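Everything on this sheet refers to the single structure shown next.
Values in this text are rule-based calculations from the coordinates and carry no lab data. Every value quoted in this text rests on a predicted model; they were computed, and no experiment measured them. When we count neighbours, we look across all protein chains shown, and the Cβ atoms used for this are built from the backbone with ideal geometry, even at glycine.
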Amino acid sequence: MITKDHRGSEREFFSPWTKTKFTVDLPEFAKTIVLHSKNGWVVLLTCECCEQVPRVFLLNPFNRVKLEMPRRPPPFRARLSAIYMLEGTPNCVALGGPYRRLPPGLIAMAHPGDDDWKIFTIPSAVLDQRIVHMFFADRYLYLIDNYGRALRFNTIDFTMTNGFMGEKVNEFGTEDRDTYFLQCNKEVIRVSSTGLIPYGRFCMYGFTKTEWGFYKYNFTKAAWEALDEDEIRGKSWFLSNCGAKISSAAEGTPVEKVHFLSKLKKKGSFCLFSCDLNSPGKDAHSYFGNLCEKRTVWINMA
């Protein structure tokens, strides 16, 4: 989903399968940015520069169903978000506040139609690293830190039952050039890339040394395990290091590809790249070059 002007009501959608673009014009899109996406639903936050009191709501842009969240915003600027789906409909939304510069961390949770957000504090003794991803698995909310450890939050009695699990490993980004998180078939997947990923003008030579690593989180062992070859094949992977950093996977694809939104560091611009998983250098290409807009995100229509 491409945001040309966040104040406007039009959003442009691009299909990597057909290489076509189409526009959806909805008044709910005006003055908003995307926090999260799941099964075609998007969590939208009204922009602070456009409204004095930002608010959060859910929208399905294709069946045009809108679900209101509490109008009173949480007492922090939301950086991360997650949606709990129940029978195909959003049942709960979680928001994560600043974690590194403003300890301790905060979590806000609410159901559509609630009057207020429930606010929870993560003790500083438990949280000493930056949270990079959050997701729902059943009735638990998991927070992944930048060492790959998970904090499990029980949404029934609002307790943190397991603390940080798993051994402390190298910080993501030390050995891996980029790390992306997504959910696929109720599993939590981490995709890591080593080698050179282009951040400047698109260059096919930038893909020649790239290697991809695929891991799933073992909830019992509280550890990351490498995916088997058959779990990687037959899928296309949609990754992003910009915008809301929303990632996803599509199954049953004839060719395994990696599609990713990449940020150009110097100019603050963004491009959509694609490469064949088996031969990243040979089949790498850019769909439409510079998007010139940071609010470009993947929307998994499921």
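Placing pseudo-labels 7 Å out from each Cα toward the beta carbon at residue 158 and residue 118 gives an inter-label distance of 0.6 nm. Between residue 48 and residue 19, the simple spin-label model (points 7 angstrom out along Cα→Cβ) gives 4.2 nm. The H on the amide N of residue 80, modeled in the peptide plane, is under 5 Å from the matching H of 96, each at least 5 residues off or on a different chain.
At full extension, residue 111 and residue 231 could sit 39.8 nm farther apart than now, given 0.36 nm per residue minus the alpha carbon distance. The label-point distance for residue 65 and residue 9, in a model that sets each label 7 Å from Cα toward Cβ, rounds to 2.2 nm.
Take the residue pairs 19/186; 31/245; 118/221; 66/235 and return only those whose Cα atoms are more than 23 Å apart.
Numbers: 19/186 29 Å; 31/245 20 Å; 118/221 30 Å; 66/235 31 Å.
Going by Cα-Cα distance, 19/186; 118/221; 66/235 fall outside the 23 Å limit.
Computed from backbone phi, the HN-Hα couplings of the range 111-122 come to 9, x, x, 5, 8, 9, 7, 8, 10, 10, 10, 8 Hz, rounded to whole numbers (Karplus: 6.51 cos²θ - 1.76 cosθ + 1.60, θ = phi - 60°; Gly and Pro given as x).
Taking a ≥ b ≥ c as the square roots of the eigenvalues of the alpha-carbon gyration tensor, the range 1-98 is classed oblate because a/c is 1.5 or more while a/b is no larger than b/c. Placing +1 on each Lys and Arg Cβ and -1 on each Asp and Glu Cβ, with no other charges, gives the range 1-88 a dipole about its Cα centre of roughly 160 debye. Length gained on full extension, residue 185 to residue 76: 36.1 nm, using 0.36 nm per residue less the C-alpha separation.
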